[in-house]
Amino acid sequence: MTYVIAIVLGVFFGFSLNKAGLTKYHKVVNQFRLTDMAVLKFMMTALVVTMLGLYPLRAMGLIVFPTVPATYIVGNLLGGLIFGVGMSLTGT
Amino acid sequence: MTWLVKQIRKEEWSPYAAGALLGIVGILTVVLAHALLGASGGFENVAAYIGKLINPGNTYFNYVMPAAITYPVVLLVGVFFGGMLGALSSGTFKVRTMDNEQWKQAYGKQTWKRWLVLFLGGVVVEYAAGIAGGCTSGLAISGGMLLAPAAFLFIAGMFASGIVTARVVYGKKF
C-alpha cells in the first residue's frame, strides 16, 4: 500500500516537473542566467502552497511533521555550492 | 470540461500552476505517506547496492543510505512515469538523445559531449546532494516548506555557484 501511494505521488511529482518545463536544459540554465525565472516561480509557488496546507493541518492537530532535514551550516552550504555547478552545467 | 482537458494538454504550464500542483503533492506526501518529496536519496539507495559490493563495511551505504527498495526509490519510478505521462498528454513524447538547441549553441553540437557533461554533472550533483543532505526537491522544497534553515542555506549556495557557472559557460553571451 505504501508503495502504491509512493508511485502515485511520484507520478504527479514527475507530471508537474514536466509541465513546468524543468525537464529542459534551457529552462534550468536560463534561471541561472537570470533570463527566465520559471524555476524560481515554480519552486516558490510549491513552497507557499504546501505551507498553506501543512501549517493549518498541524495547528488543528491532524498531522505531525516528518523529520525535518538536518541543519549543519558548512555541509548544507558547501553541498549547495557544489550542487549549483552540476545543475548549471547539465541543466537538470 | 473541454477547457480543462485543453489546459492539461498544453506542453508548458504557467510555472505558478505547475508549482501549485507540486504544492498539493507536497501536502499529500506528508498527510498520506508521512514523508517528504525527494529525488537524490532514491538514487543513493540504489547506488548503495554497488557501493556495498566494493566496500561492504562502508558506513554511509550501511547506515545513512542503506541498499534497499525504499520509499524514495519507488517515488522515483513514479516520477519517471509521471514525466512520461506529461509528455504524452501534450503529444511531445519521443525518444531523444537529450538534444537541446541552446545547449548546442553553448557547447557545440556533438551528442557525446552532451552525454559526457550530463554524466560528470550528474556525479557532481549527486555527490553534492549527499553532502548537503538532499537536492532541489528533497532539501530546498521539502525542507523549505518545513522552514528548515538547511534548505535556505542550500538554496543560497546553489544559486550563487549556479549563476557563476552559467557566467563562465556563457561568457559574454550571459
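Each value in this text was obtained by applying a stated rule to the coordinates, not by laboratory testing. Just so we're clear, the structure is a prediction, and the values are computed from it rather than from any experiment. Note that we place each Cβ from the backbone using ideal geometry, even for glycine, and neighbour counts take in every protein chain shown.
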Could you pull out the residue among A:THR50, A:THR23 that is on the phi < 0 side of the Ramachandran plot, at the interface with chain B (Cβ under 7 Å from one of its Cβ atoms), among the β-branched types (Val, Ile, Thr) and crowded, with 24+ Cβ neighbours inside 10 Å? A:THR50
Those residues of the range B:107-134 which are surrounded by 15 or more Cβ atoms within 10 Å (Cβ to Cβ) and small (Gly, Ala, Ser), in sequence order: B:GLY121, B:GLY122, B:ALA128, B:ALA129, B:GLY130, B:ALA132, B:GLY133, B:GLY134
Residues within the range B:15-40 that are part of a helix (DSSP H, G or I), farther than 15 Å from A:PHE15 by Cβ and within 8 Å of chain A (Cβ to nearest Cβ), tallied: 6
Could you please let me know if B:GLY42 is of a type outside the set (D, E, K, R), over 23 Å from A:ALA38 (Cβ atoms) and buried (at least 23 other Cβ atoms within 10 Å of the Cβ)? yes
Does the range B:162-174 hold any residues that are surrounded by 22 or more Cβ atoms within 10 Å (Cβ to Cβ) and more than 29 Å from B:ILE27 (Cα to Cα), and which are they? B:ALA166
Is it the case that A:TYR55 is surrounded by fewer than 17 Cβ atoms within 10 Å (Cβ to Cβ), within 7 Å of chain B (Cβ to nearest Cβ) and assigned to a helix (DSSP H, G or I)? no
Test for B:GLY57: is it more than 30 Å from B:TYR170 (Cα to Cα), part of a loop (DSSP other than H, G, I, E, B) and in contact (Cβ under 8 Å) with a residue 24 or more places away in the chain: no
Of all residues making up the range B:106-145, the number that are on the phi > 0 side of the Ramachandran plot and either assigned to a helix (DSSP H, G or I) or free of Cβ contacts under 8 Å to residues at least 60 places away in the same chain (or both): 2
Output for the range B:124-168, where each listed residue is over 18 Å from the mean Cα position of the chain (by Cα), more than 7 Å from every other protein chain (Cβ to nearest Cβ) and closer than 23 Å to B:GLN102 by Cβ: B:VAL164, B:ARG167, B:VAL168
From B:GLU12, B:GLU44, which residue is of a type in the set (D, E, K, R) and not in a helix (DSSP H, G or I)? B:GLU12
Out of the range A:1-31, which residues are within 15 Å of B:GLU101 (Cα to Cα) and part of a helix (DSSP H, G or I)? A:TYR25, A:HIS26, A:LYS27, A:VAL28, A:VAL29, A:ASN30
Checked the range A:7-40 for anything over 20 Å from B:LEU85 (Cα atoms) and in contact (Cβ under 8 Å) with a residue 12 or more places away in the chain; matches are A:HIS26, A:VAL28, A:VAL29, A:PHE32, A:ALA38, A:VAL39
For the structure I just gave you, tell me whether B:ALA156 is buried (at least 24 other Cβ atoms within 10 Å of the Cβ), more than 29 Å from B:ARG96 (Cβ to Cβ) and of a type in the set (Gly, Ala, Ser). no
How about the range A:41-92: which of its residues are out of contact with any Leu (no Cβ under 6 Å at 6 or more places or on another chain) and in contact (Cβ under 8 Å) with a residue 40 or more places away in the chain? A:GLY84, A:MET87, A:SER88, A:GLY91, A:THR92
Look at the range B:97-123 and say how many of its residues are among the β-branched types (Val, Ile, Thr) and facing chain A (nearest Cβ under 8 Å). 2
Restricting to the range A:73-92, what's the tally of residues that are surrounded by fewer than 16 Cβ atoms within 10 Å (Cβ to Cβ) and either within 19 Å of the chain's Cα centre (by Cα) or facing chain B (nearest Cβ under 8 Å) (or both)? 1
